[in-house]
Amino acid sequence: GKLDRSRPPPPADRDAWRRRTPPETPLDRDAPLAPLHPPSAVRDALRDMPTSRHEVRQLQRAAGLGEAKAQRSLALCYLEGDGVAQDNREAIRLFRLAAGQGHAPAQHSLGICYSKGEGVPQDQAAGVGWFRLAAEQGCAPAQAALAECYREGEGVSQDDEEAARWFRRAAEQGHADAQFNISVYYRAGCGVPQDAGEAARWERRAAEQGNTNGQYAVGHSYHHGEGVPQDDGEAARWYRLAADQGYPRAAVNLGLMVLNGRAQEEQTDLAAAARLVAGGAQQQEDEHARKIALRVLSGHMDMKEVVS
């Protein structure tokens, strides 16, 4: 299988392929791969960033003594203006000092800066180089970032086998987005042999970490018996978890299951189920599902007419 690169990824919707003709490659039916570099991605890298001036002074002393971890943490302070005046040049200088000592998290951070043009002119090839140095040391976020570069052909020749290889390495270390992404590759047979069971295993691991794409994917797999035994109860449970995190298509599917009697939830009567469908359908621009919900709410549709 191949990734569909003819257009930007659609909204997360693993059912869309069923409604389109002619048939496309298997990957077209899956949710878009999990993004690894949203806007302000560098902020994502450091959740323990210091904020007090005292902490910054301590970092400055440690960084001056050549401690790589302190250099990286201080670089993030300068990049964000956290506890110090914002200074991209100083941030990059400190990232380089730490990265030059082989500090993998700093190499990963520097890769993000170059890949996204944060603090330096954008240079995707340089970003790939830094990601690779960190990835080869076993840094899971860098492995996932390198996989994304291979997937998209950004800074390196597009290569699905290399993308799958690096997603798999990050996934094995517990990186939830990489776990979901490698599940998509296994389901499509893209860069790896097609294997619905392996896809189900990885999407389950992502879902159990709270990954919304993974939760929806597990629900879909149980709903349709793909790689796991068909189980409406499990499908509804995982759709509910994804829907509660704001995943529109999960809300649509869960609501339709309740409406046609394939799922029961104490907190979801038929009217609530129809509202679930309507809300999710509006976000997904799914006019067919929205009309079903509105007809149910208005009393103009019998439950026997509802098809999930």
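Applying a threshold of 7 Å to beta carbon distances and a minimum spacing of six or more residues, or different chains, the list of pairs starting in region 86-113 at a residue that is open to solvent by 60 Å² or more (accessible area, probe 1.4 Å) and ending at one that is at pLDDT 95 or above reads R96/L110; L97/Q71; Q101/A68.
Pull up region 131-146, narrow it to residues that are among the small types (G, A, S) and in contact (Cβ under 8 Å) with a residue 60 or more places away in the chain, then point me to the one that is nearest to G100 (Cα to Cα). By that ranking, first place goes to A145. Quick check on G214: is it closer than 18 Å to P141 by Cα, assigned to a helix (DSSP H, G or I) and either touching a residue at least 24 places away in the same chain (Cβ under 8 Å) or in contact with an Asp or Glu (Cβ under 6 Å, 6 or more places away or on another chain) (or both)? Yes.
Return only the number of the condition from (1) over 20 Å from A170 (Cα atoms); (2) part of a loop (DSSP other than H, G, I, E, B); (3) modelled with pLDDT of 95 or more that D82 does not satisfy. Every condition holds for D82 apart from (3). Residues in region 76-98 that are under 26 Å from the mean Cα position of the chain (by Cα) and of a type in the set (A, V, I, L, M): L76, L79.
Looking only at region 165-193, how many residues end up being assigned to a loop (DSSP other than H, G, I, E, B) and in contact (Cβ under 8 Å) with a residue 60 or more places away in the chain? Total satisfying the criteria: 2.
Report yes if V120 is modelled with pLDDT under 95 and over 29 Å from the mean Cα position of the chain (by Cα), otherwise no. In short, no. Candidates are the residues of region 116-170 that are out of contact with any helix residue (DSSP H, G or I) (no Cβ under 8 Å at 6 or more places or on another chain) and open to solvent by less than 50 Å² (accessible area, probe 1.4 Å); the one that is farthest from W202 (Cα to Cα) is G117.
Within region 88-106, identify whether any single residue is outside any helix (DSSP H, G or I), among the polar types (S, T, N, Q) and modelled with pLDDT under 95, and answer yes or no. Scanning region 88-106, I find no residue that is outside any helix (DSSP H, G or I), among the polar types (S, T, N, Q) and modelled with pLDDT under 95, so the answer is no.
The values are calculated or read from the model by the stated rules, or taken from the named source; none is laboratory data. In this text, all values refer to a predicted model and were calculated from it rather than measured experimentally. No Cβ is skipped: glycine too gets one built from the backbone with ideal geometry, and neighbour counts run over all protein chains shown. Quick note on the areas: whole protein, heavy atoms, side chains included, nothing else; ligands and nucleic acids left out. Shrake-Rupley method; radii C 1.70, N 1.55, O 1.52, S 1.80 Å.
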